[in-house]
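Beneath this line is the structure, given in structure tokens, with notes to follow.
Quick note: the coordinates plus some simple rules give every number you see, no bench work behind them. These numbers were taken from a predicted model, which means no experiment stands behind them.
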Amino acid sequence: MAKSSKKKQKIEKDEDSFTLNPIVLIQRLLQGRSFLSLGFFKRYWIYVVAGTVMMLMYISNKYVYQSDKAKLGTMKVMLNNASTDFVDASSRYNSRILESQMKTYVDSMGLDLNLSKEPPYKLTER
């Protein structure tokens with residue numbers, strides 16, 4: 001009788017332990033039992049924790065990357081707008097400088113010319 005109880009204990013121990021044998025894993029899966037038993041987690045708990053931490057780090061890194069990429073996109077748009085504003089301001093400044101220089105030149109020559117209030121007309125032949 002002692003032999004049968006030892007045999008039962010050995011069979012129960014073998015059923016609860018983790019194995020990488022694919023035939024045993026398929027049998028357990030077909031019987032409806034989990035192939036990841038408590039023995040697996042007891043034996044490989046460091047690897048399970050390390051894998052979980054690495055997955056969480058990957059997810060957080062991806063989130064930081066996407067948020068930084070969105071910030072970079074908005075900053076590119078702002079830079080484009082600023083450069084356009086700079087070109088507009090520069091052209092307005094240069095046109096005012098040229099206009100005032102021309103006016104001082106005309107005044108120094110003694111010509112009686114004034115700025116026209118009306119836009120120029122294009123003459124066409126009929």
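Each 10 Å bin from zero up to the one holding the largest Cα-Cα distance in the stretch 61-116 carries the following percent of pairs: 20, 23, 17, 15, 11, 8, 5, 1.
The stretch between M55 and R126 holds 17.5 nm of extra length on full extension. This uses 0.36 nm per residue minus the Cα-Cα distance. Segment S67..S100, full-extension length gain: 6.9 nm, with 0.36 nm per residue of separation and the alpha-carbon distance subtracted.
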